[in-house]
1. Using only Cα atoms, tell me the angle between helix B:162-173 and the longest principal axis of chain B; keep it within 0 to 90° and round to the nearest 10.
2. I'd like the orientation of helix C:181-192 relative to chain C: the angle between its Cα long axis and the longest Cα principal axis, in ° from 0 to 90, rounded to 10.
3. Hey, can you grab everything whose amide H is under 5 Å from the amide H of C:Tyr148? Only 5+ residues off in sequence or another chain; H modelled, so Pro and N-termini drop out.
4. Once you keep just the Cα pairs under 8 angstrom separated by 6 or more residues, what percentage relative contact order results for chain B?
5. What is the sum of charges around D:Pro110, taking Lys and Arg as +1, Asp and Glu as -1, for the other residues whose C-beta is under 14 Å from the C-beta of D:Pro110?
6. For segment B:56-143, calculate the relative contact order in percent as a whole number, restricting contacts to Cα pairs under 8 Å that are 6 or more residues apart.
7. In segment B:211-270, if the dipole is taken from +1 on Lys/Arg beta carbons and -1 on Asp/Glu beta carbons about the Cα centre, which of B:Leu222, B:Leu252, B:Gly268 is farthest to the positive end?
8. Give, as a single signed number, the net charge of other residues whose beta carbon lies under 10 Å from the beta carbon of A:Glu300, with Lys and Arg counted +1 and Asp and Glu -1.
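Values quoted throughout were computed directly from the atomic coordinates according to the rules given, and no laboratory measurement underlies them. What you see is a predicted model; the values in this text were computed from it and never measured. Every residue, glycine among them, receives a Cβ derived from its backbone with ideal geometry; neighbour counts consider all protein chains shown.
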There are 4 protein chains.
Amino acid sequence: MDCNKILEEIYNEVKPFLGKGRLADYIPALSSVDPNSLGIAIVGLDGCECEIGDAQTNFSVQSISKVYTLAMAFSEYGDKLWSSVGKEPSGNPFNSLVQLEHENGIPRNPFINAGALVITDKVLSTCKRPKSAILDFVRKVSDNEDIYFDKSVAESEKDEASRNLALAHFMQSFGNIENDVDRLIDVYSHHCALSMNCLDMARSFLFLANHGTNPFNGEKILSRSQAKRLNALMLTCGCYDESGDFAFRVGLPGKSGVGGGIVAIIPGEMAIAVWSPELNEFGNSLAGVEALELFTTKYERSIF
Amino acid sequence: MDCNKILEEIYNEVKPFLGKGRLADYIPALSSVDPNSLGIAIVGLDGCECEIGDAQTNFSVQSISKVYTLAMAFSEYGDKLWSSVGKEPSGNPFNSLVQLEHENGIPRNPFINAGALVITDKVLSTCKRPKSAILDFVRKVSDNEDIYFDKSVAESEKDEASRNLALAHFMQSFGNIENDVDRLIDVYSHHCALSMNCLDMARSFLFLANHGTNPFNGEKILSRSQAKRLNALMLTCGCYDESGDFAFRVGLPGKSGVGGGIVAIIPGEMAIAVWSPELNEFGNSLAGVEALELFTTKYERSIF
Amino acid sequence: MDCNKILEEIYNEVKPFLGKGRLADYIPALSSVDPNSLGIAIVGLDGCECEIGDAQTNFSVQSISKVYTLAMAFSEYGDKLWSSVGKEPSGNPFNSLVQLEHENGIPRNPFINAGALVITDKVLSTCKRPKSAILDFVRKVSDNEDIYFDKSVAESEKDEASRNLALAHFMQSFGNIENDVDRLIDVYSHHCALSMNCLDMARSFLFLANHGTNPFNGEKILSRSQAKRLNALMLTCGCYDESGDFAFRVGLPGKSGVGGGIVAIIPGEMAIAVWSPELNEFGNSLAGVEALELFTTKYERSIF
Amino acid sequence: MDCNKILEEIYNEVKPFLGKGRLADYIPALSSVDPNSLGIAIVGLDGCECEIGDAQTNFSVQSISKVYTLAMAFSEYGDKLWSSVGKEPSGNPFNSLVQLEHENGIPRNPFINAGALVITDKVLSTCKRPKSAILDFVRKVSDNEDIYFDKSVAESEKDEASRNLALAHFMQSFGNIENDVDRLIDVYSHHCALSMNCLDMARSFLFLANHGTNPFNGEKILSRSQAKRLNALMLTCGCYDESGDFAFRVGLPGKSGVGGGIVAIIPGEMAIAVWSPELNEFGNSLAGVEALELFTTKYERSIF
């Protein structure tokens, strides 16, 4: 497979979708990016890397960061983690409180906001300096020391945190949050505000394609079985309430963020990251989903 | 891989789980089977077949039959099908009416009862003799002319059909059922009452491992893309409200039934069917899930 | 208080509201009535009767009939009735199935459709000829032998009964319906199709204003305590999901129907019935609610 | 009616119910009161007052205080208030978030916690010193200058405020809270911690029995129509998810608190307050509901 040729074809076929979605608007920093941005990067376990378009422009990773904190907490807690958070798709919007009320404050999975808050709470419980620890982790798995939080995005997130504050206090009322809620929201707002580009992001997911071992330094982050499980979670729950449709159309484990990024992996082979900031009705990058569907349908690279 | 040796190991490791679940009891025919039954069959696209235990004892396929009717309707309607039924995991019990009310009578996916009724309704709309057509389909894909409905199970199902009648009338009130409800329930009760064994069942799912083409006669039942999509649906929605956990533990597309059967596929390779009638709290075969997790964890045969 | 003068004032003030609501349209018979109809009747325990407008034109009583069947069943079963149906406002639309699923098939109160079906089921369990028994009851309490079912409305109801069939089968799946569902829907569709005018209706509720005793023949239908309880139920649950607002604005126990009738009582004094077929967004007569609010606000005749 | 004789009879009949409920235990201050306490006070608009048992022992008024803040806000905002809070019974537990999510952050009524928080938020918006303003109001309507907040209860409430913080942040995310959430919770925790006895409480509700005018100083707090409306709200929503049952059994507008107090009124006549700290399963005083049902059933003093 000629990586560059494939990316070029996809890029050209997806271009016409620009202008058909809408930017996330809940914080100013997200609504002021160039809506016509489009970048794709593929990174193989064989060391091959190729990219096209705005693949080296940084964007806000948002919910994609939930995979990093989950990997950190899963590595630390093992299967004990699953007494605080479930493993099932939610069938509800990503920031819903309804399910929590019916299921005693245990979020359905680690990728809805409630579940991600529980995971970040675990990171707080195990790290003295959680923000530094998260930065260290991301730099390590992406093999890039120059990854930072976008401070202005982090501050904006905190200004618009009413719903997340509600979720955290609500779970605390069930005993499922261990740390101070304001501190939790601060750390959570920071990791959502990580600033990365497609190349960083594809690299940073390679350890999941590589059965848990960081290909850049050989460190075993998760066991083979844990990596399988985290990948399964991405497939069933990674794209909010469009996860089933994403599995249906794309057929790869992946994770999206409202910054317009989506990253997916082919186990044993590669990671692919797309960024285009306009979102579809489910909050996933409109052009990004198209690009990934094209990739798997046309080149028959699905896990199914 | 020595197929027989693997099956023997799994069989012996799973045996101790017998006696820890409970039989389905909503109809007498299901509660009177031998709770200690355990059978496994593996059928490869390369023609290799192996089996152990009660792999040739017939059981009631129940919800596994929803895959057959879905394949029939998908083949006939193509993507038009998805205006009547969704593709998302439900987050609710398999026979819930709640979600229907909130989403205008469109079931979340084709594997919850509501969705399967919509699919069967489509089969009624396209086949003059829908029960015969279903039998024909199953015989063809399992390469076995001797597959029948268990009439006594079908009658029992109809006697206990209050919930399904409610679902069907409810969807009809939203205009999402086209045929007479009593006739629909009759056909539905019959296909759930198909009587098959593990070997039949593994064979009957080979076309899904074979990208849509029936390996026994070369007939293209679904396109490659459609087969990918149906497999994705099984992964995200195939095991009721335990689907996420099944993907997490087993990591294969699969479908279960309250008769105690579970069948899963490895795309491009094989199908594996397990039967053990005692169920766990989610309505899936307790020993069956254990057997499949063992299979994929120990022998690293997951899609992730 | 000069009864006729009051009615005239209310009638003139309410007239301008005609044309601002919309007719019930789920069955043809309801959508073909004259939308400008407006009638009011007041009947006192002292024998005084006055009326205005279309007070002697018959209309379809619809849900108001739920009060008759409830009185019949309450009289027969006493407090045992409340193990099959609750006494709390529902907070959900009148034909919702959601609450039933969360509360094991026990409807929240006897005035939502599910609860009324349970009540009618009790009437079937105690009367060999339930339709005749209901007619007899209504004729007795309204002191009018010439009250009948409108057969064409009853037939139309049965043709559009999908939702009620769903409710009844659903409750039967929880064991909370004793009789054949089709027979139940037939009887239910008939009592909803009772044809009465404002004068009949006001008379027929006098026994509730009279602490349970029929003023026309002295028969004790309910005990004083039971009448108090049924009146309380009308206040908290009588006007669908607008019951709180009705209590807030009107402040009287009352019951409405989608045929455009509303009837209310002042305990110890009188009953007042209004009919105007255009409905507000909650399914209650728009002009009817206005007329009753005017009556109680202007003339300070509330129970509060 | 001999007021003292009636109270004595009720007192003796209700005594045996002591020991059958359980104390509120979410804050220590509530779980340490004497569970055998029982007091009743009746205060008439004619000036007659009678009492029995622990009618002069102070207790924590808790949710009963929601009536005072509602009267303050209703008096200030008039019907504009109802764009921020509904008037319908909720059909959900008093501290549920589910309904808020389905109805865009508008609580169903002012007596569930969410609704009471909205009301207290309005008090904050109109009073510079809201805690003083609330104290002033309560002292005025109860004709007792010696009413205070129990500071230790208020502090305990704030320590256990996770659920209320969640509700307030959640509504703020919908734009339905105007003030700082921490300040709101502080004021709310204080008014719930008002310390009063049965006599105070019965007096403090007399203005509602008196059509809105404070009988102690002639001040018109609410218009006659507003008083009617507030009374209707107490009847339909005053006793949490047992409101329908309370209307059914007692048949009077009333309000309860988890401190074990219940107060009810007979419009135009009197107010009656009961205190007994053991609660039934719905969070209402077990002996208190019994006492009030006895009062209305035996002496036929219901509004129905």
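1. Its long axis makes an angle of about 50 degrees.
2. The helix C:181-192 is inclined about 10 degrees to chain C.
3. C:Ser195
4. 26 percent.
5. +2
6. 30 percent
7. The Cα lying farthest towards the positive end belongs to B:Leu222.
8. Values: positive: A:Lys298, A:Arg301, B:Arg224, B:Lys228; negative: none.
Result for the local shell: +4.
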